[in-house]
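Engineer: Dumping the structure here so I can ask a few things about it.
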Amino acid sequence: MMMLKKPGVAVAVVSAVLLCYCVLINFDSTVQFAYIIFGISPFLVLWMAYCILRYDKFEGRELAEDEEWRYADKNKDEL
């Protein structure tokens, strides 16, 4: 179950499934399977987004009280 909490695994799985969909949609013999992948793809993308938002770690610095909207890579005077 720990594997389901890793955002990198979620991104890799969803990317691989959607890549398989792109390949399978071009072959006539596997179109039915491609339609199944197409049907479950919204749930996979939602799962991936949930994993990223819930379990990924933010590595930037927190903004100060007077810095409500700011880019982390720019100095305040350069904006």
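Engineer: Do any trypsin sites (Lys or Arg not before Pro) in segment 1-67 lie in a DSSP loop with no more than 16 other beta carbon atoms within 10 Å, and if so, which?
Structural biologist: Loop-located and lightly packed - 57, 61.
Engineer: Let me ask another. Just grab the label-to-label distance for residue 25 and residue 43, each label 7 Å out from Cα along the Cβ direction, in nm (one decimal).
Structural biologist: About 2.0 nm, to one decimal.
Readers should treat all values here as calculations from the given coordinates under stated rules, not as data from a laboratory. Please read these numbers as outputs of a predicted model, since none were measured by experiment. Neighbour counts are summed over all protein chains in view; Cβ atoms, including those assigned to glycine, are modelled from backbone coordinates with ideal geometry.
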